[in-house]
Structure formats: structure tokens, C-alpha cells
Amino acid sequence: MRGRFILYMLIILIMLTGCDNSLSYSENDENMISEYIANKLLKYNDESYDGWYFVNDDTNDINENDDEFSELEVEDNSENSFDPTEKDPVINDEQDLKNKDLLSLDTFKINKNLIIKYKGCKSYDIYPEKDETYFSLKPRDDHKLLVLDFTIKNESSKKIKLNLTKTNYKYKLFINGEMKLKPLLTLLENDLQYLNMDISANKSAEVILIFEVKSNIEADDMILEVKNEKDEILYMLEK
């Protein structure tokens, strides 16, 4: 349809300019007719809008390396979540270690009757290693799982129902004073982040925190940050 319309306009233009010498047009009339035909033609052009061109005066070359074309980095604001499709949840933050007192983890008490002790750490390619649960964790390629082992002891004479799912405890691990990692979100029942269990009088429970680190990382020095709404404490962990 557009081709037929253009053909009609060209025929009319030829007729007006050369075929009918009996009609005479002033220069102003010819300009008005030409503008009318041009606008009708532009109406059927894909690059026009309402019969008029949008003119872009910016003819500078676009450099795809400019900042406005750089890939955006998306920041994860969730304190206790981990997406394995994202980059390592690592933040270079040596300043966090300065001007803070380091304590022994034996001083970490949830309340006056519950005390947490650090037992040690170990690297795994899969955790748990044995098929003891319906859920297990595997790290990404070129990574390993660093599991921190703890015990929680009930030092009272009564059974305590411990539920950390409703508390605001957050944990971060400094490794070699250069990086800070968030623990992985797991579905394991003994995950310290979301612990919900009964501990009998004078009994202990084994609990863990799991971090994903690169395979070539040697955790020579580790500091665990424990934080809630009131306190922020750093604990030195022995390898």
C-alpha cells in the first residue's frame, strides 16, 4: 500500500510540474504543494512520527567501553542469604578488624545458661559426607566448603528450648585479615543461624556454620564476627 501511495504522489508531482502547462503556480504555491507531498510521503516512513522526522543532532560515536555501558553489579542486601549463581560473597574490608577487641569464643553466651564453644574447622567437597540427611551441600567449581564446628552447652539444671530463628544474630568470617564471608543458607537442622532445638540439662549439642571459599585459600587466621541489634563482637578462632 505504501508503494502504491508513493507512486501516486510521484505521478501527481510530474503532472503538476510538466504535463499541464495551462496551469500556472506561483513559487509559494509550488512550495506548499511540495511540502504537502513530502509530509504525506514521510507519514509512511518507518523512521517518522506523525509525519515528521525526529532529528538527532548528536553524531558523536558511542563508545561501548564508557561507564554508562558497563555491566552493572547487583548488590545483595540480604544479610543471611546466598545465591550460588552470583560471585563470591566476599568484601575486602580490613578496616573492620581495626580498633576492635578480639575475644575467646568461650565467652560467647546466648544467655547465662547457654554457652557456645568453638571446636575447630574442616574443609569438605560435600557436606555432610555421609548420606545421613535428605539434604547435602556441594560447592561451586574451584571452591570448597569450610565448616566451623561448635558445641552449645546447657549449663542449667533444666531443659532449655532454644530457638534462634526469631533472633537477629548475624555471623561473618574474616579469613587472613583480607576478606569477609557470609555463611551459607542451609536446610541443615544444626545450622547455627536458624537453630531450633531442645537441649537437656547439662547437655551439649553440635552445631555448625558453613562458608564457601576458593579451593586455594588457606585459612591461617580466622576471626568470627557475631552481631545483633545491641552488640558486635569479634572472636579469634584457632585453626
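Annotations for the structure displayed:
- Matching option when the condition is touching a His at 6+ places or on another chain (Cβ under 9 Å) and polar (S, T, N, Q), among 215, 200: 215
- Qualifying residue in segment 218-229 (condition: loosely packed, with under 14 Cβ neighbours inside 10 Å and basic (Lys, Arg)): no
- Scope segment 124-155; condition farther than 14 Å from residue 184 by Cα and β-branched (Val, Ile, Thr); matching residues: 133, 151, 152
- Annotation note: of 103, 148, the sole residue that is at pLDDT 95 or above and not in a loop (DSSP other than H, G, I, E, B) is 148.
- Looking across segment 218-233, the residues that are modelled with pLDDT under 85 and closer than 17 Å to residue 121 by Cα come down to 219, 220.
- Among the residues of segment 174-199, the ones that are more than 25 Å from residue 130 (Cβ to Cβ) and either buried (at least 18 other Cβ atoms within 10 Å of the Cβ) or modelled with pLDDT of 90 or more (or both) come to 6 in all.
- Counted residues, segment 153-188 - those being in a loop (DSSP other than H, G, I, E, B) and touching a residue at least 12 places away in the same chain (Cβ under 8 Å): 20
- Counting residues in segment 143-152 that are more than 24 Å from residue 125 (Cα to Cα) and either in contact (Cβ under 8 Å) with a residue 12 or more places away in the chain or outside the structural domain of residue 125 (by TED's automatic domain parsing) (or both) gives one or more.
- From 134, 169, 127, residue being hydroxyl-bearing (Ser, Thr, Tyr) and surrounded by 19 or more Cβ atoms within 10 Å (Cβ to Cβ): 127
- Of note, residue 191 does not satisfy the criterion of being more than 26 Å from the chain's Cα centre (by Cα) and acidic (Asp, Glu).
The values are calculated or read from the model by the stated rules, or taken from the named source; none is laboratory data. These numbers come from a predicted model, not from an experiment. Quick reminder, even Gly has a Cβ in these numbers, built from the backbone with ideal geometry, and neighbours come from all protein chains shown.
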